[in-house]
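Below you'll find the structure, written out as structure tokens, and then a few comments.
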Amino acid sequence: MIDPHRFAIRSGASASNAVLRAALYAGEVHLLDAMPASERLVERVRGRLEAVLGAEPRGAQHRMSNEELFARLGPLRREFYCDPIYNEALRELLLATGFQTSEVALDPLRLRVVRSRGDLEIPAARAVYYPHRDTWYAHPQTLIVWWIPLDDLAAEETFVFFPERFAVPVPNDSEQFDYDAWVADGWELKIGWQRKDSGLMARYPGLIGPVDAGRAVGFSCARAQSLLFSGAHFHQTLPQASGQTRFSLDFRLVHLGDEAAGVGAPNVDARARGSALRDYIRTPAP
């Protein structure tokens with residue numbers, strides 16, 4: 001297990017994929033250099049953003065209302081999540097990092113959008129900034145999150161980890177989250193922000209009362225790098241006021257052998273009902 005007082009984000013991956021997975025389950029966070037597969041994915045996504053939002057998509061929030069921006073991005077979110085061409089792009093990423101695609105299941109690609117001053121100006125976006133563990137949303141303890149920025153980003157534009165809480169519980173109401181109910185009326189919430197009012201109406205797992213989360217560890221990054229971390233990490237998206245929208249991609253993966261063997265990060269406080277793993281997709285072997 002990580003020493004939370006000496007925790008730092010590591011550069012590069014471990015020598016083998018098995019070692020990397022074990023390190024992630026123990027709380028390490030790895031920032032990998034851009035690779036051809038991630039560069040190709042970022043280039044494709046940026047091209048689609050420019051086609052929908054115009055040149056310099058990060059400045060689109062100044063050219064159109066939030067309602068119009070939301071409406072334009074909705075079909076793109078669905079495209080990135082559902083189109084098989086992006087699943088193939090994820091398969092290339094996995095292979096380049098030593099994962100055997102026949103051994104993993106994926107929760108596919110999502111587009112994440114964090115507006116400049118969105119925390120102050122967009123009430124429906126408030127859930128974006130909740131500190132949380134992804135495992136509170138009925139994901140397994142073997143969950144690995146793979147995050148990719150579409151641009152070079154300063155530390156104040158990304159998010160932070162609270163390593164002192166990786167293996168220490170925080171008071172939360174995750175037991176109220178029922179995955180089956182979450183997706184019962186469609187996958188709008190699962191894909192991410194398909195309903196304009198979801199940030200106001202949906203029931204998200206969250207903290208109960210004030211919490212001393214301890215030291216916050218952030219990071220800066222370059223376009224098309226890959227940040228890998230356990231979904232059990234307690235972390236938080238930062239409000240940002242750069243004047244530009246932050247666009248990023250992420251997907252989730254579970255190694256099925258590790259899941260079957262009961263290997264994974266410690267479960268200290270996740271009590272959600274149901275299992276998101278049932279809806280993960282399998283990718284074919286090369």
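Please return the ranges of strands (runs of 3 or more DSSP E) entirely within segment 183-286 where 1 or more residues are at pLDDT below 90. Walk me through it before giving the result.
Details: elements: 226-230, 235-237, 246-255.
Of the strands (runs of 3 or more DSSP E) lying wholly inside segment 183-286, none has at least 1 residues that are at pLDDT below 90.
Can you give me the number of residues within segment 117-128 that are in contact with an Asp or Glu (Cβ under 9 Å, 6 or more places away or on another chain) and either at pLDDT 95 or above or over 29 Å from R21 (Cα atoms) (or both)?
3
Please tell me if S14 is within 26 Å of S242 (Cα to Cα), among the polar types (S, T, N, Q), in contact with a strand residue (DSSP E or B) (Cβ under 8 Å, 6 or more places away or on another chain) and in contact (Cβ under 8 Å) with a residue 12 or more places away in the chain.
So S14 fails the test.
Looking at segment 10-38, which of the residues that are surrounded by fewer than 16 Cβ atoms within 10 Å (Cβ to Cβ) and not in a helix (DSSP H, G or I) is modelled with the lowest pLDDT?
The residue in question is A15.
Between a first residue in segment 116-144 that is within 13 Å of A276 (Cβ to Cβ) and a second residue that is outside any loop (DSSP other than H, G, I, E, B) and of a type in the set (V, I, T), which pairs have beta carbons less than 7 Å apart while being 6 or more apart in sequence or on different chains?
D134/V145; P140/V254; Q141/T135; T142/V254; L143/T135; L143/V254
If I filter segment 87-102 for residues that are assigned to a loop (DSSP other than H, G, I, E, B), more than 28 Å from T245 (Cα to Cα) and in contact with a strand residue (DSSP E or B) (Cβ under 8 Å, 6 or more places away or on another chain), do I get at least one hit?
Yes, segment 87-102 contains at least one residue that is assigned to a loop (DSSP other than H, G, I, E, B), more than 28 Å from T245 (Cα to Cα) and in contact with a strand residue (DSSP E or B) (Cβ under 8 Å, 6 or more places away or on another chain).
Look through segment 207-242, keep the residues that are farther than 26 Å from R6 by Cα and out of contact with any helix residue (DSSP H, G or I) (no Cβ under 8 Å at 6 or more places or on another chain), and return whichever of them is surrounded by the fewest Cβ atoms within 10 Å (Cβ to Cβ). Break it down stepwise before answering.
Residues of segment 207-242 that are farther than 26 Å from R6 by Cα, as a first pass: 208-209, 223-224, 240-242.
From the residues that got through so far, the ones that are out of contact with any helix residue (DSSP H, G or I) (no Cβ under 8 Å at 6 or more places or on another chain) too are 208-209, 241.
Numbers: I208: 10, G209: 7, A241: 14.
Taking the candidates together, the pick is G209.
Determine if segment 27-40 includes at least one residue that is of a type in the set (D, E, K, R) and over 19 Å from the mean Cα position of the chain (by Cα).
yes
Out of everything in segment 99-150 that is of a type in the set (S, T, N, Q) and over 13 Å from the mean Cα position of the chain (by Cα), what residue ends up being surrounded by the most Cβ atoms within 10 Å (Cβ to Cβ)? Don't jump to the end; show me each part of the working.
Residues of segment 99-150 that are of a type in the set (S, T, N, Q), as a first pass: 100-102, 116, 135, 141-142.
Of the ones still in play, those that are also over 13 Å from the mean Cα position of the chain (by Cα) are 100-102, 116, 141-142.
Numbers: Q100: 13, T101: 19, S102: 11, S116: 20, Q141: 21, T142: 28.
So the residue we want is T142.
How many of the residues making up segment 51-68 are in a helix (DSSP H, G or I), free of Cβ contacts under 8 Å to residues at least 40 places away in the same chain and surrounded by 14 or more Cβ atoms within 10 Å (Cβ to Cβ)?
The qualifying residues number 2.
Results for (1) under 27 Å from E92 (Cα atoms); (2) among the acidic types (D, E); (3) part of a helix (DSSP H, G or I); (4) touching a Ser or Thr at 6+ places or on another chain (Cβ under 8 Å), shown as yes or no for each residue.
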site: R112; (1), (2), (3), (4): yes, no, no, yes
site: S116; (1), (2), (3), (4): no, no, no, yes
site: A124; (1), (2), (3), (4): no, no, yes, yes
site: P140; (1), (2), (3), (4): yes, no, no, yes
site: I148; (1), (2), (3), (4): yes, no, no, yes
site: E156; (1), (2), (3), (4): no, yes, yes, yes
site: V168; (1), (2), (3), (4): no, no, no, no
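The values are calculated or read from the model by the stated rules, or taken from the named source; none is laboratory data. Worth saying up front: this structure is predicted, and the values here are computed from it rather than measured. Because the Cβ atoms are built from the backbone with ideal geometry, glycine has one as well, and the counts that use them run over all protein chains shown.
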